[in-house]
Amino acid sequence: MDIWHRRWEVLAALPAGLAIVAGVLAAALSRPSQAPETAFSWDPNGQAPDFELAAADGRVVSLAEFRGKKHVLLYFNTGLGAPPCWQQIVDLEQDGRLEALGVQLISIMVDPPEDLAPRVRHYGLNTAVVSDRARKVCESYRVNCAGMEGKPGHSFQLIGKDGEFKWFRDYGSLMYVEVDQLYQELAQRLREG
């Protein structure tokens, strides 16, 4: 085969190869990014949407009940099947520094409240562990609701006493955040106003 014939074969195959590459790129770009900086965008000066969710202890918990009284740290997490998430709640509760900052912890999971209740009793938690079964709060707060096997990953949002967003951090697949690290970030944000 002469060199011109080979060049022609290569040139003839080029459009098909480019079409395949373009298809792969289009498919990759059409998938939503899981990166926290693109998965969540919010107005740091905006008002947090109110919610009412069923708690594992049978009561209904709302954001409004804390307005003007306490800052609220929303902890969106995987819940059942993720022991580090439960340990995070235990450690935050036992540490006591959140309370000293005037911060109320609310743990938000997508599991049914009746399934969460035995775990809450097992750990002896006082923290409000609530169920966002329909994922409405998860969606309205723009949390990645399906980051960990169809459940939220490990995200925190601090809502001020005035009901406004103060801080957000999505730790993605990191299943436990050192209490000191979390406390430092919250304390700094509250000092900044």
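The values are calculated or read from the model by the stated rules, or taken from the named source; none is laboratory data. Just so it is clear, the structure is predicted and the values come from calculations on it, not from any experiment. Reconstructed Cβ throughout: ideal geometry from the backbone, glycine too, with neighbour counts over all protein chains shown.
Can you say whether residue 79 is over 14 Å from residue 158 (Cβ atoms) and in contact with a strand residue (DSSP E or B) (Cβ under 9 Å, 6 or more places away or on another chain), as far as the supplied structure shows? Outline the logic, then answer.
Values: over 14 Å from residue 158 (Cβ atoms): yes; in contact with a strand residue (DSSP E or B) (Cβ under 9 Å, 6 or more places away or on another chain): yes.
In short, yes.
Among the residues of segment 34-64, which ones are hydroxyl-bearing (Ser, Thr, Tyr) and at pLDDT 55 or above? Outline the logic, then answer.
Step one: list which residues in segment 34-64 are hydroxyl-bearing (Ser, Thr, Tyr), which gives 38, 41, 62.
Matches in segment 34-64: 62 only.
Just the residues that are closer than 16 Å to residue 138 by Cβ and in contact with a Phe, Trp or Tyr (Cβ under 9 Å, 6 or more places away or on another chain), please, taken from segment 165-181.
First pass over segment 165-181, keeping only residues closer than 16 Å to residue 138 by Cβ: 165, 168-172.
Hits for segment 165-181 are 165, 168, 169, 170, 171.
Quick one: which of 186, 158 is crowded, with 16+ Cβ neighbours inside 10 Å, assigned to a helix (DSSP H, G or I) and in the same structural domain as residue 108 (by TED's automatic domain parsing)?
Working: 158 fails: assigned to a helix (DSSP H, G or I).
One residue alone meets the criteria, 186.
Only one of these conditions is not met by residue 116: (1) more than 24 Å from residue 183 (Cα to Cα); (2) among the hydrophobic types (A, V, I, L, M, F, W, C); (3) surrounded by fewer than 21 Cβ atoms within 10 Å (Cβ to Cβ). Which number is it?
If we test residue 116 against (1) more than 24 Å from residue 183 (Cα to Cα); (2) among the hydrophobic types (A, V, I, L, M, F, W, C); (3) surrounded by fewer than 21 Cβ atoms within 10 Å (Cβ to Cβ), just (3) comes out false.
State the number of residues belonging to segment 95-124 that are at pLDDT 95 or above, β-branched (Val, Ile, Thr) and not in a helix (DSSP H, G or I).
Of the residues in segment 95-124, 3 are at pLDDT 95 or above, β-branched (Val, Ile, Thr) and not in a helix (DSSP H, G or I).
Specify the residue that is surrounded by the fewest Cβ atoms within 10 Å (Cβ to Cβ); the eligible residues are those in segment 123-141 that are touching a residue at least 24 places away in the same chain (Cβ under 8 Å) and among the small types (Gly, Ala, Ser).
Checking each candidate, the answer is 140.
Mind checking which residues of segment 58-82 are surrounded by fewer than 13 Cβ atoms within 10 Å (Cβ to Cβ) and within 14 Å of residue 120 (Cβ to Cβ)?
Within segment 58-82, 58, 59 meet the criteria.
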